[in-house]
Structure formats: structure tokens, C-alpha cells
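J.: Here's a structure for you.
The values are calculated or read from the model by the stated rules, or taken from the named source; none is laboratory data. For clarity, every value in this text was computed on a predicted model and none was experimentally measured. Cβ placement follows ideal geometry from the backbone for every residue including glycine, while neighbour counts extend to all protein chains displayed. The accessibility values were calculated without ligands, DNA or RNA, using every heavy atom of the protein model including side chains. Shrake-Rupley method; radii C 1.70, N 1.55, O 1.52, S 1.80 Å.
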Amino acid sequence: MKDTQLYQQILGSTSPWHVAAVRLDAAARTIEIEMALKEGELWGCPECGGAMHMHGTKRRRWRHLDSCQFKTFVVADVPRVNCPTDGTQTVKVPWA
Ligand SMILES: [Zn+2]
């Protein structure tokens, strides 16, 4: 099993995201799970739920449950939407 498949199993369903890469830093004792998206996804505004297209992204990092003694983080370029009612919002992600 590839490490990306392994972490996909650990995270469970992350649709429409998938695990794109897993980076191990042995010296820093960290693991980073890089999430990626398919193009063209429509997003819901987190405030009003209206569907809209991506309007840029914001790099974010979340602490996840550790893998043995390694600090584990999930990282992703999270889409932002520009809602006519609520302004610029960062969409929700299934693991946060
Ligand atoms: Zn909205």
C-alpha cells in the first residue's frame, strides 16, 4: 500500500479531497499529509450554503492525531468563495 493510500484510509472519507502526498521529516519528527482537490468543484458558502466557484485559496495547516511519536499535520490550500451576501469566506473541510 502506498503511503497516500494508507493516510486516506486513516482519514476516512474526505470527498472531494484526496491525499496527494505524505511527507515525513524524521529530524523534526513530523508527518505532513497534503490534501488536494479536483478542478472545477462548486463550493458552498459556510454562512448561507449558496453554491459558488472558488475565488482563490488560503494555505492552512491542522494538527491531527499523532502517528506513533510523530506529530501529524494535515495541510491544504483551502478554497475561498466570494459570497455576494457574506463576503469572502473560507470553505469548510471534512477533517477540521
Ligand atoms: Zn454566503
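J.: Identify, by number, the condition in (1) among the small types (Gly, Ala, Ser); (2) without any contact (Cβ under 8 Å) to a residue 12 or more places away in the chain; (3) under 27 Å from residue 1 (Cβ atoms) that residue 13 doesn't meet.
T.: (2)
J.: Return the pair list, or none, for Cβ contacts closer than 7 Å from residues in region 37-51 that are more than 17 Å from residue 76 (Cα to Cα) and of a type in the set (Gly, Ala, Ser) to residues that are more than 8 Å from the ligand (Cβ to nearest atom) and open to solvent by 40 Å² or more (accessible area, probe 1.4 Å), at least 6 apart or on different chains.
T.: Close Cβ pairs (under 7 Å, with a partner that is more than 8 Å from the ligand (Cβ to nearest atom) and open to solvent by 40 Å² or more (accessible area, probe 1.4 Å)) amount to 44/51; 51/42.
J.: Out of everything in region 43-55 that is more than 8 Å from the ligand (Cβ to nearest atom) and surrounded by fewer than 12 Cβ atoms within 10 Å (Cβ to Cβ), what residue ends up being nearest to the chain's Cα centre (by Cα)?
T.: 53
J.: Continuing with the same structure: Restricting to region 77-95, and then to whatever is under 21 Å from residue 7 (Cβ atoms) and not in a strand (DSSP E or B), can you tell me which residue is least open to solvent (accessible area, probe 1.4 Å)?
T.: The extreme case among them is 93.
J.: Next up: In this structure, does residue 62 turn out to be in contact (Cβ under 8 Å) with a residue 12 or more places away in the chain, surrounded by 14 or more Cβ atoms within 10 Å (Cβ to Cβ) and either outside any strand (DSSP E or B) or within 16 Å of the ligand (Cβ to nearest atom) (or both)?
T.: no
J.: Which condition does residue 34 not pass, out of (1) modelled with pLDDT of 95 or more; (2) outside any strand (DSSP E or B), if it passes all the others?
T.: (2)
J.: Collect the residues in region 31-42 that are surrounded by fewer than 15 Cβ atoms within 10 Å (Cβ to Cβ) and more than 12 Å from residue 93 (Cα to Cα), keeping them in residue-number order.
T.: Correct list: 38, 39, 40, 41, 42.
J.: Given the options 9, 69, name the one that is more than 16 Å from the ligand (Cβ to nearest atom), open to solvent by 70 Å² or more (accessible area, probe 1.4 Å) and modelled with pLDDT of 90 or more.
T.: 9
J.: Further question on the same structure: Can you tell me which residue among 91, 78 is within 12 Å of the ligand (Cβ to nearest atom), of a type in the set (A, V, I, L, M), in contact with a strand residue (DSSP E or B) (Cβ under 7 Å, 6 or more places away or on another chain) and at pLDDT 90 or above?
T.: Answer to the check: 91.
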